Structure formats: structure tokens, C-alpha cells
């Protein structure tokens, strides 16, 4: 189990105890730091939003720029609660080191990150000063 003790006093992090009350949420499973470190999450800027009528669930096809090291990648994202014009130019976070996934006729190369609120997916935003290619970590 990973415990954090970076200047947090004698709180639950220092002792390795859970910071949440029992039963307050359900963990999927505990992972080691090394597992998390394998996930390459980068800042990207959405540069194009295309219709995806072939998708089983409503989705957009996104072209995302991740800076000179990674370049452009494509993602299928079930974020039709956002208007196309609100997505163009928006900074997002995406996992860039998963294997590509074929979604109907479209090859999704990165996993754009979001949270669920009912049926809507809400994008995870980096700070406005972040730049495409910046790594989460």
C-alpha cells in the first residue's frame, strides 16, 4: 500500500491509515506506485472535432495535439454533452500509452480522461498554463 508522508504531520497519511471513513466510498483495488507510474497521462489540445455517427453511443472523434514529442493523436470520446465549438482549443488530459482501440471504423489512439456525472462525462482539465505534452506526475 502506498502511504504519503510529505509534510502532512501526524494525519492518516503518515500512519498509512485510510483518510476516509469506512464505507464512505468503494475502492476498485489498491495498486503500487510502480503500477501508476506506468500510465503516461499528458496534456493535449483539441484541434478538431468530427461527427461519429457509427458509434453505438453518442460520441465525437477528436484530433488532439500533444506537442512535438508525441504529435497528434485521435480519440473517440463520449462527450457529446459538450458542443463542438466548446471543445476546439480546449486542454484535456489523456492516457497516451494504451494500445490503440478499434471502435467501429475508427481507431482511437488515446484515452481522453473524464469523470461521470449521471449520463454525462465531464472532461478533466489541466491548469490553463499547462502546455501540450506536459506529463501528469
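Can you sort 113, 27, 62 from fewest to most other Cβ atoms within 10 Å of each residue's own Cβ?
With the fewest neighbours first, 113, 27, 62 line up as 27, 113, 62.
Along Cα→Cβ, 7 Å out, is where each label goes; now give me the distance between the ones at residue 102 and residue 37 in nm to one decimal.
My value for the distance between the label points is 3.6 nm.
Beyond 16 Å, what share of the Cα-Cα pairs of region 40-123 remains, rounded to the nearest whole percent?
Above the 16 Å cut-off, region 40-123 has 47 percent of its Cα pairs.
For region 56-97, what are the per-bin percents of Cα-Cα distances with bins 10 Å wide, up to the bin holding the maximum?
Histogram of Cα-Cα distances, whole percents per bin: 24, 57, 18, 1.
To make sure I understand, if each residue's beta carbon is the centre and we count other beta carbons within 10 Å, what order do 116, 82 fall in, fewest to most?
116, 82
Which order results if 101, 42, 90 are arranged by neighbouring Cβ count within 10 Å, fewest first?
Ranked by crowding around the Cβ, least crowded first: 101, 90, 42.
Rule-based calculations on the coordinates, nothing more; no lab input. Every value quoted in this text rests on a predicted model; they were computed, and no experiment measured them. Backbone-built Cβ (ideal geometry, glycine too); neighbour counts: all protein chains shown.
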